[in-house]
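First the structure, in the form of structure tokens, and then the observations on it.
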Amino acid sequence: MNELFSEFVMIYTTYIETPIGLMLAGATSEGICLFDFEHRHMMSSIQKRLCDGLETTTTEGEHWHFATLRAQAIEYFNGTRKTFDLPLHLVGTDFQKRVWEALLQIPYAETRSYKQQSIALGNEKAIRAVAGANGENGIAIIVPCHRVIGENGSLTGYGGGLWRKKWLLEHEIKHSGKTSQLSIFE
């Protein structure tokens, strides 16, 4: 048993329908540990990392965190929620967790380049490592890796597909009242 956890940890999973596709949600007693697109090509490796990191397995079923997740996801997709306020259970390496925590600092309807994210983490040369950790993020939208773009303002990489990244950025800009500075919207 993982020494960090004094009790058995189970990951409960369920599916949540969104305007951009079905998403698989996962929760432990500590918080949401998974919220990602059902058919994402990295889904099996993300689930394996969660199970290995927590030394557990998943089971389908309801969890008390899912009610909050569903309510906040509906508000986000309706354009009324700009930040999420629910407990997260980040499972990964220390570096991955630092990258994901930095993602949480990117404001709604704003973007950062991978280079800016690397600089914020204190290592400008870690661009590829940061991009890799972003790709391993299994809590889409809430941990907003969709807000990270190429240095020239272009869309680059997104586990859920570039069309979803574009949709999410357009959605946030529309509901923020801001105008886009991104080349993708020209």
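Just so you know, all these numbers are worked out from the coordinates, no wet-lab data involved. Quick caveat, the model's predicted, so the values are computed rather than measured. Every residue, glycine as well, gets a Cβ built from its backbone with ideal geometry; the counts of neighbours run over all protein chains shown.
Pairs of alpha-carbon atoms within less than 8 angstrom and 6+ residues apart define the contacts here; what relative contact order does the stretch 29-186 have, in percent? Walk me through the numbers before you get to the answer.
Numbers: 172 pairs, mean separation 42.2, N = 158.
With pairs under 8 Å counted, the relative contact order is 27 percent.
Between Ser154 and Arg70, how high is the FRET efficiency from 1/(1 + (r/R0)^6) when r is the Cβ-Cβ distance and R₀ = 35 Å? Nearest 0.05. Please list the in-between numbers first.
Working: r = 33 Å, r/R0 = 0.95.
The calculated FRET efficiency here is 0.60.
With charges set only on the Cβ (+1 for Lys and Arg, -1 for Asp and Glu), what does the dipole of the chain come to about its Cα centre, in debye to the nearest 20? Don't skip to the end; give the middle numbers.
Working: 18 positive and 21 negative charges, 151 e Å.
For the chain, the charge dipole is close to 720 debye.
At a 10 Å Cβ-Cβ cut-off, how would you order Tyr12, Tyr108, fewest neighbours first? Numbers along the way, then the final one.
On the way: Tyr12 20, Tyr108 16.
Result, fewest neighbours first: Tyr108, Tyr12.
Using only alpha carbons, build the gyration tensor for the chain and give me the equivalent ellipsoid semi-axes, biggest first, whole Å.
Numbers: eigenvalues 144, 81, 37 Å².
Rounded to whole Å, the semi-axes are 27, 20, 14.
Give me the one-decimal Kirkwood hydrodynamic radius in Å for the stretch 11-78, with the sum taken over alpha-carbon pairs.
Working: mean 1/r = 0.0814 Å⁻¹.
Taking the inverse mean of 1/r over all distinct Cα pairs, the stretch 11-78 comes out at 12.3 Å.
Measure nothing fancy, just the Cα-based angle from helix 43-54's long axis to the longest principal axis of the chain, in degrees from 0 to 90, nearest 10.
That helix lies at roughly 50 degrees to the long axis.
What fraction of the DSSP beta bridges in the chain is antiparallel, stated in percent and rounded to the nearest 5?
Values: 13 of 20 bridges.
Roughly 65 percent of the DSSP beta bridges within the chain come out antiparallel.
Charges only on Cβ, +1 for Lys and Arg, -1 for Asp and Glu: so what's the dipole of the stretch 94-185 about the Cα centre, in debye to the nearest 20?
On the way: 12 positive and 8 negative charges, 25 e Å.
Taking the Cα centre of the stretch 94-185 as origin, the dipole is about 120 debye.
Dipole magnitude of the stretch 12-86 about its Cα centre, charges +1 at Lys/Arg Cβ and -1 at Asp/Glu Cβ only, in debye to the nearest 20? Before the final figure, lay out the partial values.
Details: 6 positive and 10 negative charges, 49 e Å.
Dipole magnitude for the stretch 12-86 comes out near 240 debye.
Order 22-30, 80-88 from most to least packed using the mean count of other Cβ atoms within 10 Å.
Details: 22-30: 19.6, 80-88: 14.0.
In descending order of packing, they fall as 22-30, 80-88.
On a 0 to 90° scale, report how tilted helix 162-176 is relative to the longest principal axis of the chain, with both axes built from alpha carbons and the result rounded to the nearest 10.
70 degrees
From the residues Ala129, Pro107, Tyr158, which one has its Cα farthest along the dipole of the stretch 94-185 in the positive direction, the dipole being from +1 and -1 charges on Cβ of Lys/Arg and Asp/Glu about the Cα centre?
Result: Tyr158.
Is it possible to state the helix-based mean residue ellipticity at 222 nm for the chain, with each DSSP H run of 4+ residues giving -39500 (n - 2.57), the sum divided by total residues, to the nearest 500 deg cm²/dmol? What is it? Before the final figure, lay out the partial values.
On the way: 6 runs with 69 residues, N = 186.
Estimated from H runs of four or more residues: -11500 deg cm²/dmol.
Angle, helix 127-136 long axis vs. longest principal axis of the chain, Cα atoms, 0 to 90°, nearest 10?
Approximately 50 degrees, to the nearest ten.
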